[in-house]
Amino acid sequence: MPRTHVDSLKWVEHGTKLLATQVAALDEPAMTEPSALPGWTRKHLVAHVAANADALGNLVHWARTGERTPMYSSMDQRNADIESGAKLSATQLAAWMNGSARNLAAAMDALTTEQWRAEVVTAQGRTVSATEIPWLRAREVCVHAVDLRTGLAFADLSDGFLSALAVDTQAKRGLVGLPDGPRPEVVAYLTGRPHSLAGVPDLGPWL
C-alpha cells in the first residue's frame, strides 16, 4: 500500500526516538568514532540530522505563512553548518538534535489542513506538497539511526517504512528491477549501505 501522511508522521516519531536513544548512549569518545557514511564521524551525522530538522522547519514556516523560506541558504552553508556542528561537544550536539526535533514536531503539529496542502521546494529543487515534509524527515531519522553504527540495523525498522523507502529509493535511483533478498537487505543495497546481497553493483550512499 502507498504510504500515507499519517504513516510518515508515525515514522518520524518512531525514528526520532530511536535516534535519540542511540545518541544518548554515546559518550564523547564514542561520538568521535566513524559513522557508516564515508568521511563522517558520528558527530557529523548528528549535526546533519539536527540541521536537517531546522531546515525542514523552514519549509513548515513556508507552508504556514506563504513566505518563501528555502531549507538552506546554500549547499556550501549547509556543509559549513555540519562541519561546525561536528566540533561541538557530545552533550551540545544531543541538545541541538533533540531541541530541533521538538521544534519541528511542534511546528508540523500546528499546521492546518489547508497549510499542509501548500507547495514548498526541497533542497534538491523539487516542488512538493508540505505533506511530503514528514516523509523527508522520517527518511533522515530512521536511516541515520542505522548509520550511527551502534548495532541498530535496517531489520529493526518497521516493515511499512522499509517498503515505502524501497519504493522511494528505487524511483530516485531510476532502477527498473530489484534484486531478490530480504527487504532490509534490499533497502540497505538501495541506499548504498552494507548488505549481504551478492552480484549487485555498488550504488553509493543515498541520503
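Derivation of every value follows stated rules applied to the coordinates shown; laboratory data play no part. Just so you know, these numbers come straight off a predicted model, no measurement behind them. Glycine also receives a Cβ, built like all others from the backbone with ideal geometry; neighbour counts cover every protein chain displayed.
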With contacts defined as alpha carbon pairs under 8 Å and 6 or more residues apart, what's the relative contact order of segment 78-207 in percent?
12
For the chain, compute the orientation-averaged projected area of the C-alpha convex hull (one quarter of its surface), in nm².
11.3
Total charge of the residues flanking Glu185 in space, meaning their Cβ is under 15 Å from its Cβ, with Lys and Arg +1 and Asp and Glu -1, is -2
Within a Cβ distance under 12 Å of Gly160, other residues only, what is the Lys/Arg minus Asp/Glu net charge?
+1
Please list, or write none, the aspartates and glutamates whose alpha carbon is within less than 18 Å of the alpha carbon of Lys43, excluding same-chain residues fewer than 8 places away.
Asp27, Glu28, Glu33, Asp54, Asp81, Glu83, Glu140, Asp147
Neighbour net charge for Met71 - beta-carbon separation under 10 angstrom, K R +1, D E -1:
0
Note to self, the chain gives a 222 nm [θ] from helices alone (DSSP H runs n ≥ 4, -39500 (n - 2.57) apiece, / all residues, nearest 500) of -18500 deg cm²/dmol
